[in-house]
Amino acid sequence: MIELSIIIPTYNRAKRLWNCLQALTHQTQSSDTFEVIVVVDGSTDETVEMLKSFAAPYLLRMVRQSNNGQPSALNRGIREADGRYCLFIDDDIAATPQLVAEHLQAQHQYPNTVAIGQITLATPSDADWYANAFAQGWRDHYDLLSQEAYGPTWEDCYSGNMSAPREVLLACGGFAEEMMRGFDLEFANRLEKQGCSFVYVPNALGCQDEQKGFWELSQDAEKSGKADVMLFQKDRRMLSQALASFPQGSWRKLLLHRLLLKLHIPPGFLELIGRPIKNPARKYSWFSAIQKYCYWRGVRQVIGTTGLWQQLISGTPILMYHAICLPHEPAGPFVMRASHFAKQMTWLKRLGYHPISLTQFLICKRDNQLPPARSVVITFDDGYADNYTYAFPILHQYDIPGTIFLVSDLIGSTNNWDHEGQLGGRPLMSWSQIRDMHGQGIHFGAHSRTHPALTAISSLQAESEIIGSRKLLESKLGVPVNFFAYPYGEYDPSIQAMVQDAGFMASCTINTGLNTLITPTLLLRRAEVQGTDSFIRFWLVLWMGDGEAFWWRRSKNYSGRMGRIQSAEN
């Protein structure tokens, strides 16, 4: 009885197809339980003759059609299939002996499932450095899936090694035949909407005969960029990780890619630079930079430098302030003069930035919708009384929303945790001041009960600090408190879990960088704006989410404060 139909689309690759079919003769799965359907998509080489003479222990069927493209060939195979399940394999993939059995087991074990097999790349002995780096990246991708670093999604569904129930494939209408690239991802997205789940099957292993070199791979990267844009334009919920990730990474990488795109550097020139690099890690990093550059060249070819382009490449900085003061008090790392703060808010508007609330950013993140181009979020830590006296009127004047993270048990009191710094003994807001700002564009989040380093106290104490702060703020404000900021930026996986279990939607770190839709919700990045910052550094923070050349100052300040706290606790 035929349970599984293996569908192989092919076009003018007779030799590779022979290797693919030969590998299927060694399957551990009984050969009378599966069939192989080769859809010849208008081949003009010796493919047909090879298929007629191929002696297979399994049922081998040939279906011929004019050259209509791979999606059409896949759909033809689905219609011709007799099996309950369909397994798609590319004609350049050699299946390991257990591949078919693993797919069938997954289909039996998980109903309504898209099973994703593993693909490794075999490069020839004379492959260029770029092709070998590409193969390494492919291995890294599947290693992350094997380690369960994340769950498989529609973006992991490649028709080169993927199976699903035939009935569901037909119900979803098959692959989009007008798409020449990304059709498998688009179909997987529709399958998910149909109620299918995704499961990764690492032992369903296929080895792809990768013959491409730099030019073909770089062109593929450009095509991927174009395809991802078209998928997104077709359905705004199909925003791929790659398309959402331009601002991710260090400021150096972000600056590099912005400059490359601005200068239109030929990819071939970048490949030449990579050849003499000896260090494997640096060589792979350079390969990744070229691939990303080529991908975004493809994106730009489709959308140009329109508003969508700006949305994709800008990212969202979350600015972090502390105290605001009048001119008689000296500015410092955590204290900014009100006049300086007002100038920064003025420049936000002049530079075309769009201040949004933390809530608005998270709604975009939840709905997988891009925030407006040049979005920026304003936050304050600790909740000093001067935030109400000086910062609030400025924000209100410019209609800029803000989020203030409060130390709940010390509201109406003073900063008693920073004994040596400029913030030590500084008055904190009262409940009446908080209520006055609430509902006027200012939102409030929790910053613990007493501002300890959560990683330096017991789990029970940390849990009390996190949960207690939310309960008190919600009881006083009468609204949900959805945001948390880690005191001193200190956290670990257990602290993150506590924050999530306490019911917070998101939490802010002091890790620098821009935020995108793929930034972890419990690890939102923030760029600290210091009271002594020049306008140039303020602009760099907005542009890159970081001012690396000035980073030592904040590290020194925070490490000093942490050292004093830990000494006192010991």
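The values are calculated or read from the model by the stated rules, or taken from the named source; none is laboratory data. Everything quoted here is computed from the prediction, not taken from an experiment. Note that we place each Cβ from the backbone using ideal geometry, even for glycine, and neighbour counts take in every protein chain shown.
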Here the qualifying pairs (Cβ atoms under 7 Å; residues six or more apart or on different chains; first in the stretch 9-28 and at negative phi and part of a loop (DSSP other than H, G, I, E, B); second modelled with pLDDT of 95 or more and acidic (Asp, Glu)) come out as Tyr11/Asp41; Arg13/Asp91; Arg13/Asp92
Of the listed residues (Ile2, Ile6), the one being crowded, with 18+ Cβ neighbours inside 10 Å and not hydroxyl-bearing (Ser, Thr, Tyr) is Ile6
Going through the stretch 59-77 in order, the residues found to be assigned to a strand (DSSP E or B), of a type in the set (D, E, K, R) and under 13 Å from Ser5 (Cα atoms) are Arg61
Listed by range, strands (runs of 3 or more DSSP E) wholly within the stretch 310-398 having at least 2 residues that are touching a Gly at 6+ places or on another chain (Cβ under 7 Å) are 335-337, 375-382
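Let's see how each residue does on (1) surrounded by 19 or more Cβ atoms within 10 Å (Cβ to Cβ); (2) touching a strand residue (DSSP E or B) at 6+ places or on another chain (Cβ under 6 Å):
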site: Leu51; (1), (2): yes, yes
site: Arg64; (1), (2): no, yes
site: Arg84; (1), (2): no, no
site: Leu87; (1), (2): yes, yes
site: Asp126; (1), (2): no, no
site: Trp138; (1), (2): no, yes
site: Met162; (1), (2): yes, yes
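Across the stretch 263-274, what is the total count of residues that are over 14 Å from Ser218 (Cβ atoms) and in a loop (DSSP other than H, G, I, E, B)? Before you say what the answer is, go through the steps one by one.
At the first step, the residues of the stretch 263-274 found to be over 14 Å from Ser218 (Cβ atoms) are 263-264.
Now restrict to residues that are in a loop (DSSP other than H, G, I, E, B): 264.
Residues in the stretch 263-274 being over 14 Å from Ser218 (Cβ atoms) and in a loop (DSSP other than H, G, I, E, B): 1 in total.
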Task: Some residue of the stretch 264-275 being within 30 Å of Ile356 (Cα to Cα) and among the β-branched types (Val, Ile, Thr) - done: no
Counting only strands (runs of 3 or more DSSP E) entirely within the stretch 433-520, those with at least 1 residues that are touching a Gly at 6+ places or on another chain (Cβ under 7 Å) are 442-446, 483-485
For Arg366, the lone unmet condition from (1) touching a residue at least 60 places away in the same chain (Cβ under 8 Å); (2) outside the structural domain of Leu239 (by TED's automatic domain parsing) is (1)
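Every residue, every condition in (1) within 17 Å of Ala244 (Cα to Cα); (2) at pLDDT below 95; (3) not polar (S, T, N, Q), yes or no:
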| residue | (1), (2), (3) |
| --- | --- |
| Pro266 | no, no, yes |
| Leu270 | no, no, yes |
| Ile277 | no, no, yes |
| Tyr284 | no, no, yes |
| Ile290 | no, no, yes |
| Tyr295 | yes, no, yes |
| Val299 | yes, no, yes |
| Ile303 | yes, yes, yes |
| Gly307 | yes, yes, yes |
Here the residues within the stretch 407-416 that are crowded, with 18+ Cβ neighbours inside 10 Å and out of contact with any helix residue (DSSP H, G or I) (no Cβ under 7 Å at 6 or more places or on another chain) are Val407, Leu410, Asn415
Note on His419: of the conditions (1) within 29 Å of Ile467 (Cα to Cα); (2) surrounded by fewer than 22 Cβ atoms within 10 Å (Cβ to Cβ); (3) in contact with a Pro (Cβ under 9 Å, 6 or more places away or on another chain), unmet is (3)
Every listed condition ((1) over 15 Å from Gln208 (Cβ atoms); (2) in contact with a His (Cβ under 8 Å, 6 or more places away or on another chain)) holds for Gly117 save (1)
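So that you can scan it fast, the table gives a plain yes or no per residue for (1) touching a residue at least 60 places away in the same chain (Cβ under 8 Å); (2) in contact with a His (Cβ under 7 Å, 6 or more places away or on another chain):
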position: Glu186; (1), (2): no, no
position: Ala204; (1), (2): yes, yes
position: Ser224; (1), (2): yes, no
position: Lys234; (1), (2): no, no
position: Ser245; (1), (2): yes, no
Condition set of a type in the set (Asp, Glu) and within 22 Å of Ser494 (Cβ to Cβ), scope the stretch 463-482, selection surrounded by the fewest Cβ atoms within 10 Å (Cβ to Cβ): answer is Glu463
With criteria (1) farther than 23 Å from Asn12 by Cα; (2) among the β-branched types (Val, Ile, Thr); (3) buried (at least 24 other Cβ atoms within 10 Å of the Cβ), Thr113 comes up short on (3)
Expected output for the stretch 126-137 (first residue aromatic (Phe, Trp, Tyr), partner surrounded by fewer than 17 Cβ atoms within 10 Å (Cβ to Cβ), Cβ below 7 Å, 6+ apart or cross-chain) is Trp129/Arg275
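Consider Trp154 carefully, then state whether it is of a type in the set (Phe, Trp, Tyr) and farther than 29 Å from Gly274 by Cα.
So Trp154 fits the description; yes.
In the stretch 483-495, which residue that is without any contact (Cβ under 8 Å) to a residue 40 or more places away in the chain and either surrounded by fewer than 20 Cβ atoms within 10 Å (Cβ to Cβ) or of a type in the set (Val, Ile, Thr) (or both) is nearest to Thr512 (Cα to Cα)? Show your work before the answer.
We begin by selecting, within the stretch 483-495, every residue without any contact (Cβ under 8 Å) to a residue 40 or more places away in the chain; these are 486, 491-494.
From what's left, either surrounded by fewer than 20 Cβ atoms within 10 Å (Cβ to Cβ) or of a type in the set (Val, Ile, Thr) (or both): 492-494.
Details: Asp492: 17, Pro493: 19, Ser494: 21 Å.
In this case the residue turns out to be Asp492.
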In the set Tyr353, Tyr321, the lone residue that is over 24 Å from Asn415 (Cβ atoms), in contact with a strand residue (DSSP E or B) (Cβ under 6 Å, 6 or more places away or on another chain), of a type in the set (Phe, Trp, Tyr) and in the same structural domain as Arg435 (by TED's automatic domain parsing) is Tyr353
